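The values are calculated or read from the model by the stated rules, or taken from the named source; none is laboratory data. Here the structure is a predicted model, which is why all the values come from computation and not from measurement. Neighbour counts are summed over all protein chains in view; Cβ atoms, including those assigned to glycine, are modelled from backbone coordinates with ideal geometry. These accessible areas exclude ligands, DNA and RNA; they are computed on the full protein's heavy atoms, side chains included. Shrake-Rupley method; radii C 1.70, N 1.55, O 1.52, S 1.80 Å.
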Amino acid sequence: GVPGVFPEPQQDPVIAIAAVALRQGCREPFLRVVFTLLSCAPLRGATVRSFQSERELLQVRFGVKNGDF
């Protein structure tokens, strides 16, 4: 990619997606997760899930309510 230019999907892969979930009225998140392309160093306080391809990374689905996570 080019600095200062919005990424182009044909040239710039998605390398990470992060999510934080809070229960209404609580100050601390009950879920911190990072999905990464390829490997990633451990992140304190977060669950890291790595994928071998951008396709796999972008197809992530998880259901906290159903215990999938």
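Summary table below
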| quantity | calculated |
| --- | --- |
| Selection count, segment 7-40, where residues are more than 14 Å from Phe51 (Cβ to Cβ) and modelled with pLDDT under 90 | 6 |
| Strands (runs of 3 or more DSSP E) lying entirely in segment 10-61 (those with 2 or more residues that are open to solvent by 60 Å² or more (accessible area, probe 1.4 Å), among the β-branched types (Val, Ile, Thr) and in contact (Cβ under 8 Å) with a residue 12 or more places away in the chain) | 16-21 |
| Lone unmet requirement of (1) open to solvent by 60 Å² or more (accessible area, probe 1.4 Å); (2) at pLDDT 90 or above for Val2 | (2) |
